[in-house]
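Take a look at the structure below.
What follows draws every value from the coordinates through simple rules; no lab data is involved. All of these numbers come straight from a predicted model, not from anything done at the bench. When we count neighbours, we look across all protein chains shown, and the Cβ atoms used for this are built from the backbone with ideal geometry, even at glycine.
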Amino acid sequence: IRYAEGKGWYDARVEARAPIPMDPASAVLHYAQEIFEGLKAYRTADGGVTLFRPEANADRFVASAERLAMPPLPPEAFLDSLHRLIEIDREWIPTGEDGSLYLRPFMFASEVFLGVRPAREYLYVLIAAPVGAYFSGGVKPVKVWISPDYTRAAPGGTGAAKCGGNYAASLAAQAEAIEHGCDQVVFLDAVERRFVDELGGMNVFFVYDDSTLVTPPLTGSILPGITRESVLTLAAEAGLTVQERSVSFADWQADAVSGRLREVFACGTAAVITPIGHVRFPDGEFPIGAGRPGRVTMELRQQLVDLQRGVTADPHGWVHRVL
Ligand code: PMP
């Protein structure tokens, strides 16, 4: 779907995937006005196809657009594009337990000009690809690296928006995590360098004393994850105490060592819920729990997966039947 100032959204069409011709002075190539979303279409046991909370992705796409001074794509147009592509690609949606069709909506400044101001022309595109299980051979706890130098987003920045620039800023830190033998980077807050923000592509949760679930608050520098919000709701309904409050890395370490912090997990659309089993930082490292996935983590994971796959009833109206 194209957008031009004064004309609005126009020219919605479906076409075979092909390169997008770009002028070298296309605004996005210079000023990074680009936003995206990520969601999955799941095959249900009866052969149907569902999306999980796509309205939340549509709303976040609007919020990201506003932060990057881009025109908001109406949520109906966003949802309609998902429906149309899923219908066309229905045969590509894996039927197995773990597979899904990954959907990537994105929008960028297509106007040809050099100059720092919001572009006047944009292109919204949706692509899709079948993906297999995130974990092959069972859920494995991951190792995380606490980035000592890099931050992902500062107050007033674009941390709460899903824009390509945020991920460009996180690549060096992610590479550093890999160099230190870890799977994922954990970012600390940009101001005090004390509090845990999130992982490179996931939000983080701490489980204390088997009964209290804590996640950092949405202060503007972390992405408001849809999985995060779903976990908060499900955990509260399961009778856990849920708290959105800051957790310092010093407390994370002290509480893990004392045993009060039983489990830590990360969550996001790609992996749903990933247990964190080991933490490494420049001055040392420590394990979480026994290095095995914790009970609360795995119960919440199962609940979410069963909901997404239509195995259990959906009292929240989160599961959106497409086919
Ligand atoms: N934080 C970041 C930086 C992410 O890229 C993602 C993945 N979109 C998340 C958190 C989790 O968000 P969601 O649950 O909406 O996938």
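What to note about this one:
- Shape box of segment 182-323 [Cα atoms, principal axes, largest first, Å]: 51, 31, 27
- Most fluctuating residue given options 22, 298, 107, as computed from a GNM of the chain linking Cα atoms under 10 Å: 22
- The GNM of the chain, with springs linking C-alpha atoms under 10 angstrom apart, assigns the highest mean-square fluctuation among 239, 294, 277 to 239.
- Cα-projected label distance for residue 178 with residue 290, points at 7 Å along beta-carbon direction, nm: 3.3
- Listed by Cβ neighbour count within 10 Å, with the fewest neighbours leading, 247, 185 appear as 247, 185.
- Modelled label reach - residue 98, point 7 Å along Cα→Cβ, segment 284-323 residues with backbone N closer than 13 Å: none
- Oblate is the label for segment 75-206. Its Cα gyration tensor axes, ordered a ≥ b ≥ c, give a/c of at least 1.5 and b/c at or above a/b.
- Spin-label model, residue 125 to residue 59: label points 7 Å out along the Cα-to-beta-carbon direction sit 2.9 nm apart.
- Entry note, segment 1-151: relative contact order of 30 percent, from Cα contacts under 8 Å with a spacing of 6+ residues.
- Footprinting exposure proxy ranking of 204, 296, fewest other C-beta atoms within 10 angstrom first, gives 296, 204.
- Distance between the C-alpha centres of segment 78-107 and segment 235-262: 36 Å, rounded to the whole angstrom.
- Proxy reagent accessibility, fewest Cβ within 10 Å first, across 92, 145: 92, 145
- Cubic angstrom per residue, convex hull over Cα atoms of the chain: 139
- Shape class for segment 236-281: oblate, because the ratio a/c of the largest to smallest gyration tensor axis (alpha-carbon atoms, square roots of eigenvalues) is 1.5 or more and b/c is at least a/b.
- P(r) weight above 25 Å for segment 2-131, C-alpha pairs, percent: 29
- Gap separating the Cα centres of segment 1-52 and segment 150-201, nearest whole Å: 25
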